[in-house]
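Just below is one structure, and these are the notes that go with it.
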Amino acid sequence: MILSCPGSEPVLGSIISIVYMGFAMGMTLTEKIMARASGRNELRAGHIVYPQADLATIHDLYVVEADRQLTELGVERPWDPERVFVCFDHDTIPQTVAVANRARQIREIVKRWGVKYFFGPGRGQGHVFPMEIGIVKPGECVLAYDIHVTNYGAIGCLGLALVFEFPAVLATGSHWLKVPETIRIDLSGKLPRGVGIRDAAACIIHEIGPDAADYRVFEYTGEALAHLGVDARVKLCNLPIEIGAKSAIVPADDVVAEWINERNINSFEAIHSDPDAEFAETYAFNLSKMEPTVALPPRPENVAPLGEAIGVPIHAAYLGSCAADQYEDMAEAAEILRGKKLAPGVRMIVTPGSQEVLTRCVEDGLMDVFCEAGAMVGPPGCGPCAIGRGGPLADGETCIATVTRNDVGRMGSREARIYLASAATVAASSVKGEIADPRDFLA
Amino acid sequence: MDWTMQGRCWKFGDNLSLDDDILEFAKVFVGGVRVSDPNYLKKHVFTNLIPDFPERAKPGDVVVAGKRFGQGNPHIYGLLGMAGLGLGLIAESVPHFTYRMIVAAGLPTLPFFNDIGAHVEDGDELRVDFRTGDVENLSRGVRCRSEPLPDALREIIERGGFLPALKKRLTDINTNRYLK
């Protein structure tokens with residue numbers, strides 16, 4: 001059933017870096033960033049280090065628990081409140097009084113912590129807008145609670161998640177980490193019309209698979225990157241974590257420099273892997289051979305050609321989450337939805353990734369497209385990806401979505417089924433009332 | 001800490017998910033706040049697979065799982081619940097992030113025991129030494145062995161998991177200026 005990826009050209013072993021016997025080898029981008037953060041000149045995969053976080057990030061679902069753990073440790077405030085980022089992106093609009101009370105509690109905790117970067121509900125998804133306003137920068141090492149911090153790899157920033165062990169970072173600015181190996185992924189070609197970068201990212205994680213991805217960093221290189229903006233790179237950096245990768249990163253290049261200049265936010269020094277750095281494996285993918293994909297329930301690595309799900313009736317469609325809530329994702333969906341209506345019986349929720357994305361969608365008329373189609377637009381944030389917040393699925397329902405994961409219960413009922421796809425495929429399916437191929441809508 | 005456990009084998013298949021098979025993630029939230037108390041979490045361990053598991057499981061029992069035990073979003077709660085029940089864990093493999101969470105939960109484990117499934121069946125009586133990696137199947141008279149955890153990680157488990165170990169580290173690195 002599972003996809004044989006048309007764009008993949010595995011070159012296992014053949015391009016693995018040449019080892020110059022007797023000479024020290026170069027370092028990967030990840031080794032360089034972790035070395036700098038650990039105050040060392042040299043570092044190799046496998047070393048255990050305590051990198052100091054340039055920024056420590058945490059979201060609303062975990063603040064109370066983290067504070068409780070810190071209290072247990074006798075720690076009142078984070079080690080350096082100037083380097084702590086807290087954002088309200090999961091429960092943007094509390095649905096119950098209990099959640100509203102927790103929100104009040106979070107504000108009290110954040111005030112006591114005295115953190116420099118605190119953003120309330122509606123500001124945006126915490127793995128998207130910090131890049132847009134320069135809170136995270138190329139070459140930095142960000143330690144996070146949430147696994148999707150890997151998004152920052154889109155601008156050459158290394159995001160490493162520690163989840164339950166995150167209080168160690170809040171208490172000390174660091175925690176033990178094994179330096180991960182890197183998988184190099186060379187991208188060539190341009191995506192065909194109607195095929196999203198999400199399709200390519202899904203194909204890549206399927207082809208590499210959980211066993212090879214486990215605790216490794218995906219580093220993307222190749223001529224295709226010249227055509228892939230930061231929005232597209234976020235998708236490439238978002239999906240690998242779902243199969244157990246430790247992180248993902250694209251070395252900051254001219255595309256990132258231009259993106260940063262446009263926003264007038266930072267200057268940075270470009271860091272790249274050394275030519276003789278050691279990669280665990282190297283893969284090559286040709287984007288021009290990619291086709292639309294779908295991840296079948298209940299696991300994100302169940303990637304199959306879209307054809308295997310065509311015609312499956314849907315009840316709900318969702319565009320958003322940190323895997324697809326940037327301007328390019330909104331535009332990709334709007335191109336399909338323009339002048340059309342949602343199929344009878346289908347509801348659609350759209351959540352832009354940030355106030356910047358929302359504003360630009362309004363200015364460019366994309367919001368008109370969503371509203372005229374009959375979609376609901378929710379506040380910037382995680383949307384229903386976070387266990388169905390603000391729009392859970394009912395028993396027996398089927399949803400097509402751009403969310404990060406499709407586990408049982410991920411968007412509400414345990415009896416609902418979630419298919420993961422590109423923004424274009426989600427839009428096409430919402431119009432047809434069943435899973436549909438976006439290429440049929442692009443004459 | 002006694003690294004030897006003796007009890008019933010609870011045998012499961014491959015790809016058990018953290019957020020549904022091991023412990024349904026929605027049950028972690030009480031009043032909108034995540035609960036990490038093992039005494040609460042233990043009441044919900046494996047109940048989507050075996051509804052009365054928490055009542056039937058006894059301290060010293062050993063969960064034997066297949067490949068990629070604990071796949072999915074690396075939430076620790078199910079593993080804390082297993083520790084709360086006093087269980088041990090043997091798996092054919094676990095994702096690296098889950099490996100980290102098992103240690104943080106203070107759960108005695110042999111996480112990369114390739115062919116354990118060939119030596120035990122559900123309901124067998126096992127005696128496991130998590131310090132040496134020795135497994136004895138008392139029901140079948142079979143012995144087998146796996147690589148035990150490195151000492152540094154067993155030390156974290158010995159201290160009771162992530163938080164007590166971090167407390168020790170905070171004292172060690174003399175961060176008194178951050179302490180009350």
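Read the figures in this text as sums done on the coordinates, not as results from a lab. As the structure is a prediction and not an experimental result, all values here were calculated from the model. A quick note on method: Cβ atoms are made from the backbone with ideal geometry, for glycine too, and the neighbour counts reach across all protein chains shown.
Sort the protein assembly as shown into rounded, prolate or oblate with this rule: let a ≥ b ≥ c be the square roots of the eigenvalues of the Cα gyration tensor; rounded if a/c is under 1.5, and if a/c is not under 1.5, prolate when a/b is larger than b/c, oblate otherwise. Taking the square roots of the gyration eigenvalues as a ≥ b ≥ c, the protein assembly as shown is rounded.
Each other residue within a Cβ distance under 15 Å of A:GLU308 adds +1 if Lys or Arg and -1 if Asp or Glu, for a net charge of -3.
Measuring nothing but how far apart in sequence close Cα pairs (under 8 Å, 6+ apart) lie, relative to its length, chain B scores a relative contact order of 23 percent. Shape summary: segment A:296-443 maps onto an equivalent ellipsoid whose semi-axes, from the alpha-carbon gyration tensor, are 21, 17, 13 Å in decreasing order. Between segment A:46-98 and segment B:79-129, the alpha-carbon centres lie 29 Å apart. Sorted ascending by nearby beta carbons within 10 Å, beginning with the fewest, A:HIS59, A:HIS272 become A:HIS272, A:HIS59.
Put the Cα centre of segment A:309-365 next to the Cα centre of segment A:274-305 and the gap is 24 Å.
Dividing the mean sequence gap of close Cα pairs (under 8 Å, 6+ apart) by how many residues segment A:215-278 holds gives a relative contact order of 36 percent. For segment B:21-81, the relative contact order works out to 47 percent when only alpha carbon pairs closer than 8 Å and six or more residues apart are counted.
Annotation: the antiparallel percentage among DSSP beta bridges lying fully within chain B is about 60.
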